[in-house]
Amino acid sequence: MNTSTITTAEANATSLLRFATAGSVDDGKSTLVGRLLHDSKSVLADQLEAVEHASRRRGAAAPDLALLTDGLRAEREQGITIDVAYRYFATPRRRFILADTPGHVQYTRNMVTGASTAELAVVLVDARNGVVEQTRRHAAVAALLRVPHVVLAVNKMDLVDYAEPVFAAIAEEFTGYAASLGIPEVTAIPISALAGDNVVTASANMDWYGGPTVLEHLETVPVGADPSADPARFPVQYVIRPQTAEHPDYRGYAGQIASGVLRTGDAVTVLPSGRTSTIVGIDALGQAVDVAWAPQSVTLRLADDLDISRGDLIAPGAQAPATTRDVEATVCHLHDRPLRVGDRVLLKHTTRTVKAIVKDIPSRLTLDDLSQHPAPGELGANDIGRVTVRTAEPLALDAYADSRRTGSFLLIDPADGTTRTAGMAGDSFATPTVEDAARPDEGWDF
């Protein structure tokens, strides 16, 4: 397609919603997901037969739909969700990727993983228990990860006689707490995942509720945004140099557009070097195009023969992010081994990986009351806190509030390659000095 303009219809040619479920233990997350899959006719016959067989073996009178998502043997034996379970399904109106996340406190890191790419989070609450500590924790994580849409699913309404006052009180408490976290909007839906009330079909037991069912809301909630509204970011993944008789001088830079729109003729800056050039060609799916937008995978051709390699970032010159070696960020620690000041790590940002040192851990977030615990000394598994990291090479980061893709990073153990920490860059960074930028990397002392 050769065009210099982009329309919303073109950008959202296929409607896909990524969403995550979260909630306290036994709130019914897996049952809700199983009910969604079952009632939307997204379960194959052999899968349903296997669930029915397993349910009978456990002495259940009816199929336990939670078994559709609890795939690990330990999950089925213990009746709990341990790891994130991803499921893919579709209706005539939309495609879905859902992440069923654990409810236990010790698996908060799994919820962070599942919600990191979600556009919507479904937070479940047991109508008998109301808003509990883990409910507040999951709402805080959703706010921290800037999940655009939050649904409060008040489950097990059948066990409180479908009472409207019970639902109204829970919805009011949760909405107030969410507002204090900066969550702009909450959609509250009373449901019974076990009985199917208001999951896919409207409930005859709650005629006082006039809102959408869970599936109706998932099908109609706005997805994505106009790519033209975001600054363009293109992390280079691979340099293409075929050097064939047919293309003796071809040099292209392949990758996925992280945000925004790129057009032929755009003046761009390559970071961290700061060199400038102009886009003279964009190749997508083997064809030359004039415009491309996130999240398309394309190959860019530039007017100048620059030294560009994997990990560099190409961005419009007027909108290029500043580079820094001092990263201040909010992080969620994922590893059982604590993160401590002085730890040597690898920092992975988009396609770039550099050496780094943890210089400071100024605070740890107490999710119960959102207070900051100063100078904790270390962050343990599932802890959320502030860190300062010094990198060996400059990075071109955006603030996470501005871009979830180019404002996020991972801290990796250099010894075994395991992921230790997920980070969300802050709004401000220290400006590197001339001496900092010029000094060579001498091992880990930087």
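The values are calculated or read from the model by the stated rules, or taken from the named source; none is laboratory data. Just so you know, these numbers come straight off a predicted model, no measurement behind them. Cβ atoms come from the backbone with ideal geometry, glycine included; neighbour counts cover every protein chain shown.
Checking each residue in the range 374-395 for being surrounded by 23 or more Cβ atoms within 10 Å (Cβ to Cβ), in contact with a Pro (Cβ under 9 Å, 6 or more places away or on another chain) and either β-branched (Val, Ile, Thr) or not assigned by TED's automatic domain parsing to the domain that holds Lys355 (or both) picks out only Val387.
All conditions in (1) surrounded by fewer than 20 Cβ atoms within 10 Å (Cβ to Cβ); (2) of a type in the set (Gly, Ala, Ser); (3) modelled with pLDDT of 60 or more hold for Ala61, with the sole exception of (3). Go through the range 211-231 and count every residue that is over 18 Å from the mean Cα position of the chain (by Cα), over 15 Å from Gly196 (Cα atoms) and either at pLDDT 95 or above or assigned to a helix (DSSP H, G or I) (or both). Number of matching residues: 6. Which ones in the range 287-313 are among the hydrophobic types (A, V, I, L, M, F, W, C) and in a strand (DSSP E or B)? Once the filter is applied, which keeps residues that are among the hydrophobic types (A, V, I, L, M, F, W, C) and in a strand (DSSP E or B), the range 287-313 yields Ala288, Val289, Val291, Ala292, Trp293, Val298, Leu300, Leu302, Leu313.
Within the range 15-40, residues that are under 19 Å from Asp158 (Cβ atoms) have Cβ atoms under 8 Å from residues that are among the hydroxyl-bearing types (Ser, Thr, Tyr) and part of a helix (DSSP H, G or I) in these pairs: Gly23/Thr135; Ser24/Thr135, counting only partners at least 6 apart in sequence or on another chain. Of all residues in the range 396-411, none are more than 30 Å from Gly260 (Cβ to Cβ), in contact with a Phe, Trp or Tyr (Cβ under 7 Å, 6 or more places away or on another chain) and crowded, with 17+ Cβ neighbours inside 10 Å. For the range 133-144, what are the residues that are of a type outside the set (D, E, K, R), surrounded by fewer than 24 Cβ atoms within 10 Å (Cβ to Cβ), in contact (Cβ under 8 Å) with a residue 60 or more places away in the chain and over 17 Å from Leu32 (Cβ atoms)? Scanning the range 133-144 gives Ala140, Leu144. Within the option set Leu300, Leu271, Leu313, being within 30 Å of Arg390 (Cβ to Cβ), outside the structural domain of Thr117 (by TED's automatic domain parsing), modelled with pLDDT of 95 or more and in contact with a Phe, Trp or Tyr (Cβ under 9 Å, 6 or more places away or on another chain) holds for one residue only, Leu313. Looking across the range 337-367, the residues that are modelled with pLDDT of 90 or more and either touching a helix residue (DSSP H, G or I) at 6+ places or on another chain (Cβ under 9 Å) or not in a strand (DSSP E or B) (or both) come down to Arg337, Pro338, Val341, Gly342, Asp343, Thr350, Thr351.
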